[in-house]
Number of protein chains: 4
Amino acid sequence: VSAIDRRVAESFPRQGLMTGYGARLVEAGEGRCVIEVEWNNRLTQQHGFFHAGVTTALCDSAAGYAALTTMAEGADVLSVEFKINLMAPADGQRLRAVGEVVRRGRTLVVVRATAFAIKDGRETPCAEFLGTMMTMAKG
Amino acid sequence: VSAIDRRVAESFPRQGLMTGYGARLVEAGEGRCVIEVEWNNRLTQQHGFFHAGVTTALCDSAAGYAALTTMAEGADVLSVEFKINLMAPADGQRLRAVGEVVRRGRTLVVVRATAFAIKDGRETPCAEFLGTMMTMAKG
Amino acid sequence: VSAIDRRVAESFPRQGLMTGYGARLVEAGEGRCVIEVEWNNRLTQQHGFFHAGVTTALCDSAAGYAALTTMAEGADVLSVEFKINLMAPADGQRLRAVGEVVRRGRTLVVVRATAFAIKDGRETPCAEFLGTMMTMAKG
Amino acid sequence: VSAIDRRVAESFPRQGLMTGYGARLVEAGEGRCVIEVEWNNRLTQQHGFFHAGVTTALCDSAAGYAALTTMAEGADVLSVEFKINLMAPADGQRLRAVGEVVRRGRTLVVVRATAFAIKDGRETPCAEFLGTMMTMAKG
């Protein structure tokens, strides 16, 4: 098991949305972050699959924390914008988002993420995410 | 008060995410849909503002239902992809998403939405959303 | 005829792509910019319509210059990212892009644009664009 | 040298924009396509780098043709939408776009591309592209 970046470990439980979802920080370090959540009926769209909003929130958090692991001590991360393609129904008992840094600039960090629906042990990529994070001096 | 499109009214409570958030369908008809949610500590990012995932989920639902109101009876709506710019912190007691149809094609419907953070009665646009919805024959 | 922002008027002819296209700066001021180009057979995709790359270039330039008109003297503008929905074939004798500022931040400016295909005097919106521009100190 | 997909080879010279740019089809097959163009002063933005519109046009064409190589005989490809992050100035003597299929659906194909600026033999990724292509029955 890889060590989890300290700053991400401290920030994650302060995200009420992630704890409200019951999401779990699986990995965070060196420009990469993995977050998972188990299915429950408060995370669904009208057909019982994970809602696009949940998929997006997981990708945004995983990508943002991936960016944070590459930033200087004392910096904070802010989502500027992102785009997501919902490629397949997020049909599974578990949803996993894997975020990565694509390019690290001084102010802006380009990030990507893929979400996977895990059903009966089989993983299906269900969303592809591309976005921009901003480095902020912590207030 | 405008009447709410029957199909949207039936679908909305089946979205576990929207009911889990405590979100409220305010308006739905003629290519437009408005959804609101009150702040609570399960909807937050690490600074206590509404999480980008909540803003996005509201915009996606408002935009998707705006599209549904323009579709033929018996059709269903699916989010293909979207992009969102988070323009300002979603700092407020309430979040509102206003979705609209930009262009209605046979299969694909282009949609937009704006999210507003409402604080002490003052509305600030906090996100701009542009996406694509697909018309599906209902299963 | 509205006056054209001096900085935009100076920058436009230095964009080899715009002059190569034969594009024309129609309007630029107060957070808005309009650019037009006449059809020619070096601007086409395989069906003879304006290529998505041309539509995008016009929207990007119109949106970027709209942002520039709101920036401090001596600043320069850089495209960070954008997304475009190609809603209808860009079928016409002329293509027009209308760019506008959505929100002006200190570093980042959110912009939008709509492209119109003009055929026999009739305008059809053919693309919707949403993006992010950055303010740069001029070198 | 890998063989170039026949349909792409036939379509490419009919894109007036690509021939007008002097772009070259380098590779096309099995869900992948590579297009290159040499710098000239009709492809530039105001600082003399490749214009974002050129980078986007190359990525769109490479991604669209990547999709076409996976489609049934007689089908045609249409760009629905895309998003691009311009990560670094496109500063070089040559620009290369590498397009790939991410997920192939019945109607919609999710595609990605990366653009590289090549300067004095050194390649720098300068843009990341994510988009949606549509399969069309040929008219």
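Every number here is computed from the coordinates shown, using simple stated rules; none is lab data. Please read all numbers here as calculations on a predicted model, not as lab measurements. Cβ sites come from the backbone with ideal geometry, for glycine too, and all protein chains shown count toward neighbours.
Some points to look at:
- All positions within the range A:55-81 that are among the acidic types (D, E) and surrounded by 24 or more Cβ atoms within 10 Å (Cβ to Cβ): A:D60, A:E81
- Qualifying positions in the range B:63-80 - of a type in the set (D, E, K, R) and within 9 Å of chain A (Cβ to nearest Cβ): B:D76
- Only one of D:A67, D:A75, D:A90, D:A113 that is farther than 24 Å from D:R6 by Cβ and touching a strand residue (DSSP E or B) at 6+ places or on another chain (Cβ under 8 Å): D:A90
- When residues of the range A:34-54 are limited to those that are within 9 Å of chain B (Cβ to nearest Cβ) and either acidic (D, E) or surrounded by 20 or more Cβ atoms within 10 Å (Cβ to Cβ) (or both), the one nearest to B:E81 (Cα to Cα): A:A52
- Pick from the range A:87-100, criterion surrounded by fewer than 24 Cβ atoms within 10 Å (Cβ to Cβ) and not basic (K, R), ranking: nearest to D:G131 (Cα to Cα): A:M87
- Any hit, the range A:8-30, residues being of a type in the set (K, R), under 17 Å from B:R42 (Cα atoms) and part of a strand (DSSP E or B): yes
- Residues of the range A:122-133 that are surrounded by 19 or more Cβ atoms within 10 Å (Cβ to Cβ) and of a type outside the set (S, T, N, Q): A:C126, A:A127, A:E128, A:F129, A:L130, A:G131, A:M133.
- For the residues D:I4, D:I84, the requirement of being over 13 Å from the mean Cα position of the chain (by Cα), surrounded by 16 or more Cβ atoms within 10 Å (Cβ to Cβ) and over 18 Å from C:Q15 (Cα atoms) singles out D:I4.
- Check on C:R103, within 24 Å of C:G20 (Cβ to Cβ), charged (D, E, K, R) and surrounded by fewer than 24 Cβ atoms within 10 Å (Cβ to Cβ): no
- Odd one out for D:G22, checked against (1) within 11 Å of chain C (Cβ to nearest Cβ); (2) at negative phi: (2)
- Identity of the residue in the range D:98-127, among the charged types (D, E, K, R) and in contact with a helix residue (DSSP H, G or I) (Cβ under 9 Å, 6 or more places away or on another chain), that ends up nearest to D:A72 (Cα to Cα): D:R104
- Here A:T107 clears all of (1) under 14 Å from the mean Cα position of the chain (by Cα); (2) more than 8 Å from chain B (Cβ to nearest Cβ); (3) β-branched (V, I, T) except the condition numbered (1).
- Residue list for the range B:81-104, restricted to those being basic (K, R) and within 14 Å of chain A (Cβ to nearest Cβ): B:K83
- Scanning the range A:36-59 for residues that are touching a Leu at 6+ places or on another chain (Cβ under 9 Å) and within 21 Å of A:R104 (Cα to Cα) yields a total of 1.
- Lone unmet requirement of (1) within 11 Å of chain B (Cβ to nearest Cβ); (2) over 21 Å from A:F82 (Cβ atoms) for A:D60: (2)
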